[in-house]
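**Q** First, the structure itself, so that you have it in front of you.
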Amino acid sequence: MLPQRINLIAYSTLAVIICYIDRVNISVAIIPMQEQFGWSDSQVGFIFSSFYLGYMLTMALGGYLSDKFGGKRVLGWGVVLWSIFTILTPLAAHNGFFALFFIRILMGIGEGVTFPAWHSLYARWIPFSERARSVAITNSAIPIGTIFGLVVTPIIILNLGWQWAFYLYGGLGFIWYFFWKIRLFLALFKHFSTS
């Protein structure tokens, strides 16, 4: 059985990978979306920037919530929220530019808590002597998720359609959350059974 801090690093790193896959997939999917819906280049720019409106709102809030309620809960619910809005992206796009703009803001709100939450967890659970290496490992998930999203999304779009990039990637977040909750449950069970 792996030490809890190794599990924490592994799950946090996976969350960041999924975060960046979900964040960048629209960079590829926007090409067929723009063609289908007839958006102007300015509208595409607003769609891209809308994510960061939400993201900015919850960066500081994510740190506060992590300190108040625990980074485990905040990270878990952040992944669930952004996964929901990733899955809803095709529905929003079919309902118009403003619906998609709004969904991207909500997705940014979900993703904005990610980094404050896992940094809060590391501050509590990772020994100081291991913290820099742990942060470096988790930050390496940024280019991994970005590259994965930019390479795999075109394959999904060509074979299944652009909508499926959002459905499949959003589903990854729910799979992650399922195992995250099991890990937390097993850790609590072990703690209380040995008390």
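The values are calculated or read from the model by the stated rules, or taken from the named source; none is laboratory data. Keep in mind the model is a prediction, meaning the values are calculated, not measured. Positions of Cβ are backbone-derived with ideal geometry, glycine not excepted, and every protein chain shown enters the neighbour counts. Note: areas computed on protein heavy atoms with side chains; ligands, DNA, RNA excluded. Shrake-Rupley method; radii C 1.70, N 1.55, O 1.52, S 1.80 Å.
**Q** Which one of these is closer than 25 Å to G161 by Cβ, at pLDDT 95 or above, within 10 Å of the chain's Cα centre (by Cα) and surrounded by fewer than 24 Cβ atoms within 10 Å (Cβ to Cβ): L81, L106?
**A** L81
**Q** Additional query: Please work out if A60 is modelled with pLDDT under 95 and open to solvent by 70 Å² or more (accessible area, probe 1.4 Å).
**A** yes
**Q** A further question on this structure: Across segment 131-149, what is the number of residues that are closer than 18 Å to R104 by Cα and open to solvent by 10 Å² or more (accessible area, probe 1.4 Å)?
**A** Number satisfying all stated conditions: 1.
**Q** Please determine whether any residue of segment 43-55 is hydroxyl-bearing (S, T, Y), touching a Lys or Arg at 6+ places or on another chain (Cβ under 7 Å) and open to solvent by less than 60 Å² (accessible area, probe 1.4 Å).
**A** Within segment 43-55, one or more residues are hydroxyl-bearing (S, T, Y), touching a Lys or Arg at 6+ places or on another chain (Cβ under 7 Å) and open to solvent by less than 60 Å² (accessible area, probe 1.4 Å).
**Q** Inside segment 13-25, can you point out the residues that are touching a Gly at 6+ places or on another chain (Cβ under 9 Å) and crowded, with 19+ Cβ neighbours inside 10 Å?
**A** Answer for segment 13-25, where residues must be touching a Gly at 6+ places or on another chain (Cβ under 9 Å) and crowded, with 19+ Cβ neighbours inside 10 Å: A15, V16, I17, I18, C19, Y20, I21, D22, R23, N25.
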